[in-house]
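Colleague: Structure provided below as structure tokens; questions to follow.
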Amino acid sequence: QITLTQQAESLWVSPGEKVSITCRASQSLRYTDGKHYLSWYQQRPGQRTKALIYHASIRTDGVPTRFIGSGSGTEFTLSIEDVQPEDIALYYCLQTLKKPWTFGGGTKLELK
Amino acid sequence: EVQLVESGGGLVQPGRSLKLSCVASGFTFNNYWMTWIRQAPGKGLEWVASITNTGSGTYYPDSVKGRFTISRDNAKSALYLQMNSLRSEDTATYYCTRDAVYYGLFDYWGQGVMVTVSS
């Protein structure tokens, strides 16, 4: 199975700063259609889990432009520019290239 | 507005069964694959089961294959997860999600329902 590694369990950030969360896959997540089957999710306490990014870099409807997905092959990054207090949450990457679908271990964004 | 509402969770003894339900609204249910995801207390997310939009295809990881069965009733816009031979490691919050399969994305999630397997 494909393993996704989110190296940082926690990241500390101040409002207004930029932060990057990385996700490394054990094999390339690029399919024959040229797209990468890597998505990002946000979990805030008491809120429904929210899909942020798919195909590595495309924001889902309504996601603020400060959320930026990038990367290719096996290395992916979710960057949040100008972090807002409501961005404090857990973030997970997910691969849907090959079953079993697998998630990264999660990165908790915390306020300094 | 897309809504996914799970029910059926609770406390169950090891080896027993439980059936979860999810009622969907706000979209054309029979156009979408659906997926169950779970999260053990304080742990990460784990894919549990997926079903095609017609119900003709189902998919499971090895950890639940042969014990869990996903099904749907498109007339009722309902998704189900029959869980048999439950183990303590199945203790988790179970989320019903809409599966935008062509985008490789679980684009809407329910609030989740807690299942506790304990004697």
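Colleague: What number, in nm² with one decimal, is the all-direction average of the projected area of the convex hull of the alpha-carbon atoms of the protein assembly as shown? Kindly include the intermediate steps, with their values, before the conclusion.
Modeller: Numbers: hull surface 49.5 nm².
Projected over every direction and averaged, the Cα hull of the protein assembly as shown covers 12.4 nm².
Colleague: Let me ask something else about it. With a cap of 16 neighbouring Cβ atoms within 10 Å, and only residues DSSP puts in a loop, list the chymotrypsin sites (Phe, Trp or Tyr not before Pro) found in the range A:15-74. Walk me through the intermediate numbers first.
Modeller: Details: sites: A:Y31, A:Y37, A:W40, A:Y41, A:Y54, A:F67; in loops: A:Y31, A:Y37.
Here the chymotrypsin sites (Phe, Trp or Tyr not before Pro) that fit, given the DSSP loop and packing criteria, are A:Y31.
Colleague: Please list, ordered by chain and number, the residues whose modelled amide H lies under 5 Å from the amide H of A:Q27; skip anything fewer than 5 residues away on the same chain.
Modeller: HN-HN under 5 Å from A:Q27: A:T3.
Colleague: Which of the trypsin sites (Lys or Arg not before Pro) found in the range B:48-119 are loop residues per DSSP with 13 or fewer other Cβ atoms within 10 Å of their Cβ?
Modeller: Working: sites: B:K65, B:R67, B:R72, B:K76, B:R87, B:R98; in loops: B:K65, B:R67, B:K76, B:R87.
Sparse-neighbourhood loop trypsin sites (Lys or Arg not before Pro): B:K65, B:K76, B:R87.
Colleague: Binned at 5 Å from 0, what are the whole-percent values of the Cα-Cα distance distribution for chain B, short to long?
Modeller: Computed distribution, short to long bins: 2, 12, 24, 26, 19, 10, 5, 1, 0.
Colleague: Determine the total buried accessible area between chain A and chain B, counting protein heavy atoms only with a 1.4 Å probe; round to the nearest 100 Å². Mind dumping the intermediate values first?
Modeller: On the way: alone 6260 and 6250 Å², together 10740 Å².
Using a 1.4 Å probe on protein heavy atoms, the buried area is about 1800 Å².
Colleague: Give, ordered by residue number, each residue of the range A:9-50 whose 1.4 Å probe accessible area is reduced by a minimum of 40 Å² on adding the remaining protein chains to the chain alone.
Modeller: By number: A:Y41, A:Q43, A:R48, A:T49.
Colleague: Follow-up. With only alpha-carbon atoms in the gyration tensor, what are the semi-axes of the equivalent ellipsoid for the range A:32-112, in Å, largest first?
Modeller: Working: eigenvalues 95, 40, 26 Å².
So the equivalent ellipsoid measures 22, 14, 11 Å along its semi-axes.
Colleague: Could you pull out every residue, at least 5 positions away or on a different chain, whose amide H is within less than 5 Å of the one on A:V13? Hs are placed 1.01 Å off N in the peptide plane, and Pro or chain starts have none.
Modeller: Under 5 Å from the amide H of A:V13: A:E110, A:L111, A:K112.
Colleague: Explain nothing, just the number: relative contact order of chain B, from Cα pairs under 8 Å at least 6 residues apart, as a whole percent.
Modeller: Rounded, it is 35 percent for chain B.
Colleague: Tell me, Kirkwood radius of the range B:1-63 from alpha-carbon pair distances, in Å?
Modeller: Working: mean 1/r = 0.0729 Å⁻¹.
Taking every pair of different Cα atoms in the range B:1-63, averaging 1/r and inverting gives 13.7 Å.
Colleague: Which pairs, out of B:K43/B:K76; A:K18/B:K43; A:K50/A:K108, put more than 22 Å between their alpha-carbon atoms? Walk me through the numbers on the way to the answer.
Modeller: Working: B:K43/B:K76 33 Å; A:K18/B:K43 26 Å; A:K50/A:K108 15 Å.
Among B:K43/B:K76; A:K18/B:K43; A:K50/A:K108, the Cα-Cα distance tops 22 Å for B:K43/B:K76; A:K18/B:K43.
Colleague: Less than 15 Å Cβ to Cβ from B:F106, Lys/Arg counted +1 and Asp/Glu -1: what total charge do the surrounding residues give? It would help to have the intermediate numbers written out before the result.
Modeller: Numbers: positive: A:R48, A:K50, A:K99, B:R38, B:R98; negative: A:D61, B:E6, B:E46, B:D99, B:D107.
Here the count lands on 0.
Colleague: To continue, here is another question. Write down Rg/Rh for the range B:30-89, rounded to two decimals, with Rg from the C-alpha atoms and Rh from the Kirkwood relation over Cα pairs.
Modeller: Details: Rg = 12.1 Å, Rh = 12.3 Å.
Reported Rg/Rh (Cα atoms, Kirkwood Rh): 0.99.
Colleague: Same structure again: Given an 8 Å cut-off on Cα distances and at least 6 residues of separation, report the relative contact order of chain A as a percent.
Modeller: On the way: 281 pairs, mean separation 42.5, N = 112.
In percent, rounded to a whole number, it is 38.
The values are calculated or read from the model by the stated rules, or taken from the named source; none is laboratory data. Please read these numbers as outputs of a predicted model, since none were measured by experiment. Please note: Cβ atoms are built from the backbone with ideal geometry, for glycine as well, and neighbour counts cover all protein chains shown. Calculation scope for accessible area: heavy atoms of the full protein, side chains included, ligands and nucleic acids excluded. Shrake-Rupley method; radii C 1.70, N 1.55, O 1.52, S 1.80 Å.
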